[in-house]
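Novice: Pasting a structure below so you can have a look.
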Amino acid sequence: MKEISILVTGSGGQLGQELQEIQSQFPKIKFKFFNRAELDITDKKAVLEKLDLLSPDFLINAAAYTAVDQAESDEEKAFQVNVTGVDVLAKACQVKQTWLMHVSSDYVYHHNPERPLLEEDETLAQGVYARTKLKGDQVLQNMDVDYCILRTSWVYSSFGKNFVKSMGRLGRDREVLNIVSDQIGTPTYARELALVIVQMVQTIQAETSNRKKYRGVYNYSNEGVTNWAEFAEAIFKIQGITCEVRKITTEEFGAPAPRPKWSLLDKSKIKEVFGIEIKDWKESLKSCINLLNQS
Ligand SMILES: NC(=O)c1ccc[n+]([C@@H]2O[C@H](COP(=O)([O-])OP(=O)(O)OC[C@H]3O[C@@H](n4cnc5c(N)ncnc54)[C@H](OP(=O)(O)O)[C@@H]3O)[C@@H](O)[C@H]2O)c1
């Protein structure tokens, strides 16, 4: 197979760092990584210059404004990154004929159809972060550009700040923790998300006649169903932490930004189209915690 070139934006985040970790598994892929300081996705001139210089086959956008609660009082910044930034990338990719692999969120759906959420389900995004992520998706959907959007949920990694690392720390310090148990969904290990995106890239690159058929939205998370309290209990169990989990409601927790109570994603499409095999969330959680224990 011909060498594939991939430019990654937001390489300092969880997904971005996982992509850096896995690159050695793909010697035929030439990755170029840029963190926020090296390439600001809202800087149209800088993005165009980078694409002109590198002419990548694919651009993986791992950059985003992800501070969900902070976004409630920082709407302009969230919009700038999650909407304007995506627009800048999409227009540059359109000009350079680069495929844009973009990452979005379960938050865009925010309703419960009493079955796992499908890509074509209604989107009822609530809260600033969710609305900006949805608008970012719509930028791509309304443009004639080659794109895939991966809508994912509850992302964690051995890098960055996330629930798994926070629980590992807090669980050792506290005897009891109050954790929300009425939000249903599935965690996503960012390392596996990174591998899935690269697998999608390879499939698209290998297609010679009709690549456009791959355009669109794809749900992706690990397999299985859980809630945040049960997720915390699993994190404690794997690490032998004895902290008690007290189950509370979303309302009792009272976070500034609304959170969907139903985040269960139907992954049939990504499995069928790209032949992706997905692990159960508990198995992936163990892999991540093993890595954390080694560091
Ligand atoms: N984390 C989750 O639970 C979750 C759930 C569902 C979907 N997602 C989506 O998954 C994707 C990856 O999330 P993640 O957890 O890897 O996020 P993350 O760890 O917060 O990383 C995002 C990265 O984007 C960078 N960034 C922010 N503004 C930028 C800009 N203008 N130009 C370039 N880079 C910029 C950030 O840099 P600074 O740190 O310097 O600001 C950070 O390194 C995002 O699209 C997110 O919306 C995440």
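Novice: Report ³J(HN,Hα) in whole Hz for each residue of the range 58-75, in order, from the Karplus equation J = 6.51 cos²θ - 1.76 cosθ + 1.60 where θ = phi - 60°; Gly and Pro get x.
Specialist: My calculation for the range 58-75 gives 9, 10, 9, 8, 9, 8, 6, 8, 10, 7, 4, 6, 4, 4, 4, 10, 9, 4 Hz in order.
Novice: Helix 163-173 versus the longest principal axis of the chain: what is the Cα-based angle in degrees, 0 to 90, to the nearest 10?
Specialist: Tilt relative to the chain: about 30 degrees.
Novice: Specify the longest stretch of the chain that does not include any exposed loop site, a site being one of the GluC sites (Glu not before Pro) with a non-H, G, I, E, B DSSP assignment and at most 15 other Cβ atoms within 10 Å.
Specialist: Excluding the exposed sites themselves, the longest stretch runs over 39-113.
Novice: Sort out for me the Cα centre separation of the range 120-164 from the range 18-50, rounded to whole Å.
Specialist: Computed from Cα coordinates, the inter-centre distance equals 19 Å.
Novice: Please list, ordered by chain and number, the residues whose modelled amide H lies under 5 Å from the amide H of Gly12; skip anything fewer than 5 residues away on the same chain.
Specialist: Result for Gly12 returns Arg36.
Novice: Hey, another quick one. Using only alpha carbon pairs under 8 Å that are at least six residues apart, calculate the relative contact order of the chain and give it in whole percent.
Specialist: Once divided by the residue count of the chain, the mean separation gives 20 percent.
Novice: Report relative contact order for the range 179-239 in percent, whole number only (criteria: Cα-Cα under 8 Å, sequence separation at least 6).
Specialist: Normalised by residue count, the contact order of the range 179-239 is 63 percent.
Novice: In addition: Distance between the C-alpha centers of the range 52-99 and the range 232-295? Whole Å please.
Specialist: 26
Novice: Translational D (Stokes-Einstein, µm²/s) of the chain at 10 °C and 1.306 mPa s when Rh comes from the Kirkwood sum over C-alpha pairs?
Specialist: Using the Kirkwood radius from Cα pairs, D works out to 81 µm²/s.
Novice: Dipole of the range 110-238, Cα-centred, from +1 at each Lys and Arg C-beta and -1 at each Asp and Glu C-beta, to the nearest 20 debye?
Specialist: So the magnitude is around 500 debye.
Novice: For the range 18-24, just list the computed ³J(HN,Hα) in residue order, Karplus coefficients 6.51, -1.76 and 1.60, θ = phi - 60°, integers in Hz, with x standing in for Gly and Pro.
Specialist: My calculation for the range 18-24 gives 5, 4, 5, 5, 8, 4, 5 Hz in order.
Novice: Explain nothing, just the number: relative contact order of the range 19-171, from Cα pairs under 8 Å at least 6 residues apart, as a whole percent.
Specialist: Relative contact order for the range 19-171 comes out at 24 percent.
Novice: Let me ask something else about it. Pick out, in residue order, every one of the chymotrypsin sites (Phe, Trp or Tyr not before Pro) in the range 189-282 that is DSSP loop and has at most 11 other C-beta atoms within 10 Å; say none if there are none.
Specialist: none
Novice: Multiply the residue gap between Leu48 and Arg36 by 0.36 nm, knock off their C-alpha separation, and tell me the result in nm, one decimal place.
Specialist: Working it through step by step, the gained length comes to 2.8 nm.
Novice: Using the Karplus equation 6.51 cos²θ - 1.76 cosθ + 1.60 (θ = phi - 60°), what ³J(HN,Hα) coupling, rounded to whole Hz, does each residue of the range 84-100 give in order, writing x for Gly and Pro?
Specialist: Coupling constants for the range 84-100: 4, x, 5, 4, 4, 5, 4, 5, 5, 5, 4, 4, 8, 6, 9, 6, 9 Hz.
Novice: Helix 281-294 against the longest principal axis of the chain: what's the angle in degrees, Cα atoms only, rounded to the nearest 10?
Specialist: 90
Novice: Here is a follow-up. Please list, in chain and number order, the residues 5+ apart from Thr188 or on another chain whose amide H is under 5 Å from its amide H, with Hs placed from the backbone.
Specialist: Val155, Tyr156, Asn222
Novice: Hey, another quick one. Starting from the amide H of Met101, placed 1.01 Å from N in the peptide plane, find each other amide H under 5 Å away whose residue is 5 or more places distant or on another chain.
Specialist: Leu59, Ile60, Asn61, Cys148
Novice: Let me ask something else about it. Subtracting the Cα-Cα distance from 0.36 nm times the residue separation, let me have the gained length for Lys279 to Glu114 in nm, one decimal.
Specialist: 57.1 nm
Novice: Something else now. Treating the angle as unsigned and between 0 and 90°, give the value, to the nearest 10°, between the Cα long axis of helix 190-206 and the longest Cα principal axis of the chain.
Specialist: For helix 190-206, the angle is close to 30 degrees.
Novice: How large is the convex hull of the Cα atoms of the range 142-295 per residue, expressed in Å³ as a whole number?
Specialist: Here the figure is 132 Å³ per residue.
Novice: With the alpha-carbon atoms as the only input, what is the per residue convex hull volume for the range 52-143 in Å³?
Specialist: Taking only Cα atoms, the range 52-143 has a hull volume of 101 Å³ per residue.
Novice: Need one number for the range 99-175: average projected area of the convex hull over its C-alpha atoms, nm².
Specialist: 7.5
Novice: Roughly what percent of Cα-Cα pairs across the range 1-106 reach past 23 Å?
Specialist: Counting pairs separated by more than 23 Å, the tail of P(r) holds 25 percent.
Only the coordinates and a few stated rules stand behind these numbers; no lab work does. None of these values were measured; they are calculated from a predicted model. Backbone-built Cβ (ideal geometry, glycine too); neighbour counts: all protein chains shown.
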